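The values are calculated or read from the model by the stated rules, or taken from the named source; none is laboratory data. Everything numeric in this text was worked out from a predicted model, so none of it was measured. Ideal geometry is used to build each Cβ from the backbone, glycine not excepted, and the neighbour counts take in all protein chains shown.
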Amino acid sequence: MLQSSITHSAPTESAVDPATKRRIIVVCLCAALGGLLFGYDTSVINGAVDSIAGTTSGFGLSAGMSGFSVSCALLGCVIGAWFTSQIADRLGRVPTIIIAAVLFIVSSVFSAFASTIWMFIVFRMIGGLGVGLASVIGPSYIAEIAPTKMRGFLGSFQQLAIALGILASVIVNAVFAGVSGGADRSFWFGLDTWRWMLLSMVVPAIIMFIVAFRLPESPRFLVMKGKVDKAAEILGEIVGEHDPQAKILQIRNTMRGEHVARLSDLKGRTFGLKKVVWIAMGIAILQQLCGVNIILYYDSSLWKSVGFSEQVALNISVYRTIAAVAVTIVSMFIVDRIGRRKLLTWGSIGMTVFLVIAGIGFYQGTVTDSGISLPGVWGSVTLTAVYAFYLTFCLTWGPVMWVVIGEIFPNDIRALGVAVATAVNWIGNFLVSNTFPPLKGMVGIGNVYIIYAVFALLGLVFVFKALPETAGVTLEDMKAE
């Protein structure tokens with residue numbers, strides 16, 4: 001069994017008082033702004049992609065080039081995630097958040113005003129670097145500053161922020177397109193609407209940049225750098241630690257001075273790596289291989305197939321995102337009580353069942369370039385299964401994966417471990433996004449959904465066999481063989 005070793009030598013933390021709860025929630029909400037930008041950046045392009053590729057106001061791209069202009073940001077995400085640990089361990093968690101905000105600002109402005117497709121691609125990749133940094137540093141920082149009893153709740157802020165970022169971008173795109181008459185139309189100051197969609201990201205990015213300067217540094221990073229007085233101050237005043245000096249001693253025992261973790265530190269006896277690295281990478285890639293990022297590819301045409309107009313079908317994407325936010329909030333309140341393993345287990349079961357039903361439904365349909373048509377009741381059945389899958393994901397694997405990878409690593413390799421796991425997550429995203437079109441043509445959309453169901457089932461096996469329960473365990477008790 002691929003099992004990480006977790007000890008329980010530390011004394012149980014006392015209850016967190018209300019004042020500390022309020023302080024730490026505010027801090028973690030601010031830290032999660034990176035997740036909001038993460039969601040906003042990866043979603044805002046959806047409202048602009050057709051116009052960017054078109055000839056009316058865009059660059060007149062081929063289908064292949066249009067796809068690359070979107071997916072190039074994912075390459076930036078992988079690169080940004082991979083190098084985050086080096087920046088975070090050398091400069092600190094808060095400076096890394098600030099750097100991510102700067103990258104978002106630069107990407108937003110220059111991609112909006114790009115005069116050529118290659119200029120656009122370069123600055124989309126820079127935005128991807130910012131997403132990569134934010135997707136690593138958010139879970140790491142929140143896990144390191146959160147009290148043990150609230151870590152699951154606070155760690156879920158990352159997925160909540162991502163969902164809110166997606167919701168914000170969907171609303172902004174809909175409003176801009178509605179007011180101007182379309183993404184290709186000229187809008188304020190003669191700038192094309194799709195360019196305003198991209199430029200809108202600069203507002204939350206500037207807010208994130210300003211707020212980051214007010215965030216306290218991670219006590220664990222400060223201990224690593226020998227700044228124990230400052231660490232004690234933050235542990236006492238922000239985290240609510242009753243005995244900061246004892247906590248600092250406990251943290252010190254899990255650190256190796258100012259050593260910056262390297263890839264060689266992840267080596268172990270399980271196929272060349274530490275078990276915890278395999279566990280984190282497994283959870284990270286299985287979250288993507290269930291196909292969540294393309295699972296709603298046909299939802300607009302499905303709504304039309306059951307009698308709704310195109311505009312109503314498009315508006316439903318806003319309601320879908322609101323529902324995703326709602327179930328993510330529910331997950332936040334139950335993850336510490338139910339535990340990570342149970343949520344992921346039940347999530348895997350539900351996702352597998354709904355994907356199988358959706359796959360069977362798609363077997364009945366006729367797929368064309370403009371969408372899909374399903375006969376009789378199969379439209380409603382398939383649509384219900386697709387949405388049930390999506391909401392089950394948002395309740396379980398969506399937020400819990402970020403909680404787990406943020407907390408499961410020992411202190412001395414946490415930033416690097418989260419970086420590697422997140423890079424693997426982005427690689428999984430890239431693979432699923434780019435294999436869906438050819439797979440759909442080769443084996444049919446119904447079989448593609450069954451493939452995703454198999455991966456959801458593998459997620460169940462992986463959680464059952466490999467994942468230790470980390471709820472209620474202090475970060476200093478996280479061990480890896």
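If the requirement is being under 30 Å from residue 460 (Cα atoms), of a type in the set (D, E, K, R) and free of Cβ contacts under 8 Å to residues at least 40 places away in the same chain, which of these qualifies: 267, 275, 227?
On inspection, the qualifying residue turns out to be 267.
Among the candidates 249, 222, 215, single out the residue that is in a helix (DSSP H, G or I) and in contact (Cβ under 8 Å) with a residue 12 or more places away in the chain.
None of the other options fit; the residue is 222.
Which residue pairs have Cβ atoms closer than 8 Å, lie 6 or more positions apart in sequence or on different chains, and pair a first residue in region 231-245 that is over 18 Å from residue 26 (Cα atoms) and in contact (Cβ under 8 Å) with a residue 12 or more places away in the chain with a second residue that is assigned to a loop (DSSP other than H, G, I, E, B) and not basic (Lys, Arg)?
Matching pairs, first to second residue: 242/14.
For region 156-191, enumerate the residues that are assigned to a helix (DSSP H, G or I) and touching a Phe, Trp or Tyr at 6+ places or on another chain (Cβ under 8 Å).
Across region 156-191, the qualifying residues are 158, 159, 161, 162, 165, 166, 168, 169, 176, 179, 180, 188.
Of the residues 450, 445, which is under 20 Å from residue 67 (Cα atoms) and among the β-branched types (Val, Ile, Thr)?
Result: 445 is the single residue among 450, 445 that is under 20 Å from residue 67 (Cα atoms) and among the β-branched types (Val, Ile, Thr).
Would you pick out the residues in region 3-36 that are farther than 23 Å from residue 244 by Cα, over 17 Å from the mean Cα position of the chain (by Cα) and either at pLDDT 85 or above or loosely packed, with under 15 Cβ neighbours inside 10 Å (or both)?
Those that are farther than 23 Å from residue 244 by Cα, over 17 Å from the mean Cα position of the chain (by Cα) and either at pLDDT 85 or above or loosely packed, with under 15 Cβ neighbours inside 10 Å (or both): 3, 5.
Run down 76, 39, 47 and say which single residue is modelled with pLDDT of 85 or more, over 30 Å from residue 271 (Cβ atoms) and among the small types (Gly, Ala, Ser).
That would be 39, the only listed residue that is modelled with pLDDT of 85 or more, over 30 Å from residue 271 (Cβ atoms) and among the small types (Gly, Ala, Ser).
Assess whether residue 403 counts as being touching a residue at least 12 places away in the same chain (Cβ under 8 Å), of a type in the set (A, V, I, L, M, F, W, C) and in a helix (DSSP H, G or I).
yes
With the condition kept exactly as written, say whether any residue in region 52-65 is under 15 Å from the mean Cα position of the chain (by Cα), crowded, with 19+ Cβ neighbours inside 10 Å and either within 30 Å of residue 231 (Cα to Cα) or in contact (Cβ under 8 Å) with a residue 60 or more places away in the chain (or both).
No, every residue in region 52-65 fails to be under 15 Å from the mean Cα position of the chain (by Cα), crowded, with 19+ Cβ neighbours inside 10 Å and either within 30 Å of residue 231 (Cα to Cα) or in contact (Cβ under 8 Å) with a residue 60 or more places away in the chain (or both).
Is it the case that residue 339 is out of contact with any Ser or Thr (no Cβ under 6 Å at 6 or more places or on another chain) and surrounded by fewer than 20 Cβ atoms within 10 Å (Cβ to Cβ)?
When the stated conditions are applied, residue 339 passes them.
Based on this model, can you work out whether residue 117 counts as in contact with a helix residue (DSSP H, G or I) (Cβ under 6 Å, 6 or more places away or on another chain) and either closer than 22 Å to residue 432 by Cβ or surrounded by fewer than 21 Cβ atoms within 10 Å (Cβ to Cβ) (or both)?
So residue 117 does not fit the description; no.
Going through region 409-449 one residue at a time, which ones are out of contact with any strand residue (DSSP E or B) (no Cβ under 6 Å at 6 or more places or on another chain), outside any helix (DSSP H, G or I) and surrounded by fewer than 24 Cβ atoms within 10 Å (Cβ to Cβ)?
Within region 409-449, just 444 meets the criteria.
Restricting attention to region 66-94, and to residues there that are under 30 Å from residue 219 (Cα atoms) and free of Cβ contacts under 8 Å to residues at least 60 places away in the same chain, which single residue is surrounded by the most Cβ atoms within 10 Å (Cβ to Cβ)?
By that ranking, first place goes to 80.
Exactly one condition in (1) within 26 Å of residue 81 (Cβ to Cβ); (2) of a type in the set (S, T, N, Q); (3) without any contact (Cβ under 8 Å) to a residue 40 or more places away in the chain is false for residue 180; which is it?
(1)
If a residue has to be surrounded by 13 or more Cβ atoms within 10 Å (Cβ to Cβ) and under 27 Å from the mean Cα position of the chain (by Cα) to count, how many in region 171-182 make the cut?
Of the residues in region 171-182, 6 are surrounded by 13 or more Cβ atoms within 10 Å (Cβ to Cβ) and under 27 Å from the mean Cα position of the chain (by Cα).
Consider residue 422 carefully, then state whether it is of a type in the set (Ser, Thr, Tyr) and modelled with pLDDT of 85 or more.
yes
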